[in-house]
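Take a look at the structure set out below.
Each value in this text was obtained by applying a stated rule to the coordinates, not by laboratory testing. Treat the numbers as computed from the prediction; the structure is a model and nothing was measured. Cβ atoms come from the backbone with ideal geometry, glycine included; neighbour counts cover every protein chain shown.
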């Protein structure tokens, strides 16, 4: 048993013991055991960090996601780059929340027992699918390295935000079940605590989703900032459910007849987080998502845990149904409660629709071939629900709790037309998108009026205005244009009202990055292509020109530069006016201290006037191969060794043009306009700030 595995076992045992201690009413013992479980999770996490930072490639997880040449920031994020590490991260956050709860013991004995039972299940999952498994038989000298698409600074931020949010959703769930298990099932005492933790979880999940969207926007291959990808949706659904939860907890505090709905929302918020994790990490979405993990046995475990969570919660809710206060969930149709519930209903229907869509590969796979829904399904169904939610949000913002009169100021009515007109001027022609823009303008303006009139706190007004601003930007997406252009260096191209000039390609000194240099209306922007150790395209980033009117987004298409030939020893091949002949292949007898083995090939090259002898090399370490190009004929050609046959009698050779020639080759690129996209990021920031600020009474 490795040290990391021992720490996981201890965390599991202590969490289970803490759950039983709280169940038996022994709070002091439960507190001590909860802290012990947390410290064991900390030690397990610290041990994995140590293994990664010290290049312990005898550990399979470290070998899979790290390497000797990986920069420090990516070695840190390698902790959660794979499934096993991300589950350990989830356990760490859950245990940290458990330690905080244990120190204050505000969940009550039953709620604490539920929370630490969940922690034990999570610890068992990490133990079952451990990041500390040892590679049997040998210790590789180098690791396979991290996927170049994941080598991005946002990788250090996005997964922790999402998993922290998932972990904190366990608190409202435990608080709900703790109340249902108590003698006073109709108590509202749990609502305040649950709402505080739900707000933090909602803010973290929302921040994680928008950080992920920004990351996907600036890296080609993820499908844009939002593509209704099933894995993207797997985190969207819990976030929508958490939004419903936050508002239903508020409604239940004011009107206890909403207590059953608050319990139901707390149960489903956490269950949906587990279900989304199952979909993303079971391998079921491998053919339908660019974000999906490969299939492993962890899927069955997640299904079992999710089933326990959902069935336990729903069973208790049905058992205690007769204890809840009876009556209408709202005092009148002209009340904040009514419109708040209407907005929650719209969000719930949206979550259900996205849930069905993202589950379609699973559902259709039960009867035969799996199939996914088209993105048009989401657009058509989500638009009317978003409009309904925005209008309900506007009306609820202008009312106090209790019966009231909805009175729309003339300026608010005018906001509908201003929003729609602004979208129309931006180029939107679809009626549904114009209506969405108008509704978003109404909701944003209503939030400001409600704050000034005292009906809303600043935090809620900022969060609501931010959400409206983000949805307004989404309505403008219908006005975006896109085309494919053929660029010749130093010949400007017109795109709408913009002029785009391609200046050529630049190769970095390390020979591991290509930059395509553009000028958009005089402003220099660069598209980046990261190269693998073997010289192939590994990850691509677009060139983005930011402006007040929006972004100009330039995505160069992968270009096939050069070609491959097979050379047999002693035989010449004529390519154009240049002949190539393999003279000799040599292999170092022993690998170096880092396990790398060097292969050399001598190639005679002639164009009829000049004869060169090129010594191309390939360095192999395990499954990784590194090769550098070799210039011949005064730089007119570059040669790269790609592979060597087992009998050493033939090689695979790549022939590349001169760097100067490649830099001046024509380029095909997709060019698109993103109207006012900066408003989307601003709206997301407002929503996060407002949600976070809601935790502080003075906001």
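In a fully extended conformation the segment linking residue 494 and residue 685 would gain 65.4 nm over its present Cα-Cα distance, using 0.36 nm per residue.
For region 112-198, with equal point scatterers placed on the C-alpha atoms only and solvent neglected, what are the log10 I(q)/I(0) values from the Debye formula at q = 0.25 1/Å, to two decimals? Reported log10 I(q)/I(0), two decimals: -1.21. The angle between the Cα long axis of helix 108-128 and the main principal axis of the chain comes to about 20°, on a 0 to 90 degree scale. Distance between the 7 Å Cα→Cβ label points at residue 58 and residue 183: 5.9 nm. Computed over the Cα atoms of region 1-146, pair by distinct pair, the Kirkwood hydrodynamic radius stands at 15.5 angstrom. Taking 7 Å steps out from each Cα toward its Cβ at residue 615 and residue 352 produces label points 7.3 nm apart. Between residue 374 and residue 458, the FRET efficiency estimated from the beta carbon spacing at R0 = 51 angstrom works out to 0.80. Helix 298-319 and the longest principal axis of the C-alpha atoms of the chain enclose an angle of approximately 10°. Going from the fewest other Cβ atoms within 10 Å to the most, the residues 162, 379, 428 appear in the order 379, 428, 162. The separation of region 510-569 from region 189-207, counted between C-alpha centres, amounts to 42 Å. Summary value for the chain: 10 percent relative contact order, contacts being C-alpha pairs under 8 angstrom separated by 6+ residues. To the nearest ten degrees, helix 230-254 and the longest principal axis of the Cα atoms of the chain are 20 degrees apart. Report the Cα centroid-to-centroid distance between region 300-321 and region 461-477 in angstrom, as an integer. When both Cα centres are located, 35 Å separates them. The length gained on full extension between residue 583 and residue 566, counted as 0.36 nm times the residue separation minus their Cα-Cα distance, comes to 4.8 nm.
When the helices of the chain are scored as -39500 (n - 2.57) per DSSP H run of n ≥ 4 and the total is divided over every residue, the value at 222 nm lands at -17500 deg cm²/dmol.
Using 1/(1 + (r/R0)^6) with R0 = 30 angstrom and r between the beta carbons of residue 574 and residue 646, what's the FRET efficiency to the nearest 0.05?
Taking R0 as 30 Å, the efficiency between residue 574 and residue 646 is 0.65.
Plainly put, the chain has a radius of gyration that is 1.04 times its Kirkwood radius, both from alpha-carbon atoms, as the Rg/Rh ratio.
Legend: calculated FRET efficiency, residue 485 to residue 218, from the Cβ-Cβ distance at R0 = 22 Å, rounded to 0.05, equals 0.60.
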